[in-house]
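Here the structure is laid out as structure tokens; the discussion comes afterwards.
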Amino acid sequence: MKHVIIGAGVAGITAAKTIKEMNRDAEVVVIGDELFLPYKRYLLTEFLCDSIKRDELLFFSVEMLKELGIKLRKGEYVKSIEPSEKVIKLHHCEVMHYDKLLIATGGSPGLGLVLRPFKKHISFYYSLYDTLLLKEKLPEVRKCIVYGDGVSCLDLICVLCNLGKQVTYITREERATFGLDEIDFDGELHEFLEEKGVEVITEEQVVSIEESEHGYKVETIQQRMLTTDIVFAWDYYKPNISCIEGSAIEKKLGILVNTRLETSEKDIYSAGDCVEIYHPNIKCYWINFGLPNALAQGEIAGKNMSGQNEEYKIQEAIVFDLMGKSLKARWWK
Ligand SMILES: Cc1cc2nc3c(=O)[nH]c(=O)nc-3n(C[C@H](O)[C@H](O)[C@H](O)COP(=O)(O)OP(=O)(O)OC[C@H]3O[C@@H](n4cnc5c(N)ncnc54)[C@H](O)[C@@H]3O)c2cc1C
């Protein structure tokens, strides 16, 4: 039985390990488009701050992967899936057969129409590659602008503050918000950031970014002109599901799955940040970004691909650490 997993992140690697634990003889192939050994994305912040070493980011060493019998194809992008033939196509047109397939392709930050032309001036903070670039750049950086919303923006602001940078945070909202329903964050985020020395500019939008002699000039919709050494910006965070285009796999914003994490196509499962699952509390399909969700779904997908019949229960919340203060948050009331 050949189990193919697209995506070498938390959900994909957890599923691969689970399948091998259930059946040592199962063939497991993990295909990931990043160039690195599978790593723990949620620890990038610790790595950027030098609290952990690069090795500690890894799920497995090469020796451990061999020992477990998991075949890793790294630096390979899956272009399309043909459920009727039970095959996937890789970017260089290799065709690979599967008996059971897991799509665990996560999500990524993206830019809308206004900022897209300035992409080359914008720094991202999502992957190990981004983090390695930042580790090189940041020693030269004094002033930073962060534009966007949500927990990942806040996580980045906290890292930059911890590293002693001068941070300006620009948000479209009236106040700095989590973009989430926070369950136990003591106090108001807006005041918390200001107390930490962050300049918060509200009800504003970045409309242009130009390179200047010493960094960048940033213009806002209300014609503020700001200068900075580095600009971080993203407009949204979206599931990576281009590999299902052209297939009959049902989707909305993410891939639709039932509580067994089965997609609309036989023998194809999906797990992690790329998934949309029915949420009984809000009575609608919903994406549950975050580590607890990716871990739990990876394990259940792995078990069900091995013939079990387990149901996924929505994780109550994600937990972030914001400058030593714990944020427990969820996407629904
Ligand atoms: C800096 C940072 C800090 C975070 N901290 C926290 C935290 O404290 N708590 C928390 O709950 N969450 C945190 N998160 C979020 C958490 O890391 C994600 O929710 C989790 O990694 C999702 O796991 P996943 O397996 O679904 O996707 P990912 O870990 O994103 O893995 C998906 C992988 O699939 C690859 N891929 C995509 N498309 C293809 C394709 N077509 N072919 C091959 N490969 C493909 C991607 O490149 C990626 O490597 C953090 C995220 C970041 C960026």
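Every number in this text was worked out from the coordinates using simple rules, so none of it is lab data. All values reported here derive from a predicted model rather than from experimental measurement. Reconstructed Cβ throughout: ideal geometry from the backbone, glycine too, with neighbour counts over all protein chains shown.
General observations
- Cα-centred dipole magnitude for the stretch 1-153, charges only on beta-carbon of K, R (+1) and D, E (-1), debye, nearest 20: 340 debye
- Under the convention that each Lys and Arg Cβ holds +1 and each Asp and Glu Cβ holds -1, the size of the dipole of the stretch 79-142 around its Cα centre is about 320 debye.
- Mean Cα-pair separation over length for the chain, i.e. relative contact order, pairs under 8 Å, 6 or more apart, %: 21 percent
- GNM remark for the chain: springs join alpha carbons under 10 Å apart, and the peak mean-square fluctuation among 136, 191, 311 falls on 136.
- The Stokes-Einstein estimate for the stretch 166-253, based on a Kirkwood radius over Cα pairs and taken at 20 °C with 1.002 mPa s viscosity, is a diffusion coefficient of 134 µm²/s.
- Listed residue (296, 176, 75) projecting farthest to the positive dipole end of the chain, Cβ model: 75
- Placed amide H near residue 275: partners under 5 Å, 5+ positions off or other chain: 255
- The GluC sites (Glu not before Pro) found in the stretch 194-272 that occupy coil by DSSP, while having at most 14 further C-beta atoms within 10 Å, are 203, 213, 245, 250.
- Viscosity 1.002 mPa s, 20 °C: Kirkwood-radius Stokes-Einstein D of the stretch 3-161 over Cα pairs, µm²/s: 121 µm²/s
- Distance between the 7 Å Cα→Cβ label points at residue 50 and residue 85: 5.2 nm.
- Relative exposure of 97, 279, judged by other C-beta atoms within 10 Å (fewest first): 97, 279
- Note on residue 20: lysines with a C-alpha under 20 Å away, same-chain residues under 8 apart excluded, are 2, 40, 66, 71, 74, 100, 303.
- Pairwise centroid distance, computed over Cα atoms, of the stretch 198-217 with the stretch 52-81, Å: 38 Å
- Taken over the alpha carbons of the chain as equal point scatterers, the Debye sum produces base-10 log I(q)/I(0) values at 0.06, 0.13, 0.14 Å⁻¹ of -0.23, -1.02, -1.15.
- Contact order normalised by residue count of the stretch 222-333, Cα under 8 Å, 6+ apart, percent: 18 percent
- Taking only the C-alpha atoms of the stretch 109-235, the Rg (one decimal) and the largest Cα-Cα distance, Dmax (whole number), read 14.0, 45 Å.
- Lysine pair count for the stretch 109-235 (Cα-Cα distance under 21 Å; residues 8 or more apart in sequence or on different chains): 17.
- The sum of -39500 (n - 2.57) across all DSSP H runs of n ≥ 4, divided by the residue count of the chain, sets its helix-only mean residue ellipticity at 222 nm to -6000 deg cm²/dmol.
- Cα centroid separation, the stretch 1-38 to the stretch 226-253: 23 Å.
- Cα long-axis angle, helix 291-305 against the chain (0 to 90 degrees, to the nearest 10): 10 degrees
- If you wrap the tightest convex hull around every Cα atom of the stretch 59-122 and split its volume per residue, you get 170 Å³.
- Gain in span if fully extended, residue 27 to residue 61, counting 0.36 nm per residue against the direct Cα distance: 10.3 nm
- Computed lengthening from residue 163 to residue 279, 0.36 nm per intervening residue step minus Cα-Cα distance: 37.9 nm
- Degrees, to the nearest 10: 151-162 long Cα axis against longest axis of the chain: 50 degrees
- The chain, dipole about Cα centre (Lys/Arg Cβ +1, Asp/Glu Cβ -1), debye to the nearest 20: 760 debye
- Straight-distance crosslink candidates among lysines, where the alpha carbon sits under 16 Å from residue 251 and sequence neighbours closer than 8 are dropped: 238, 266
- With 0.36 nm allotted per residue and the present C-alpha distance subtracted, the residue 316-residue 181 stretch has 47.4 nm of extension available.
- Note on the chain: antiparallel DSSP beta bridges, both residues inside, total approximately 50 percent of the bridges counted.
- Taken over the stretch 250-333, the ratio of Cα radius of gyration to 2.2 N^0.38 Å equals 1.14.
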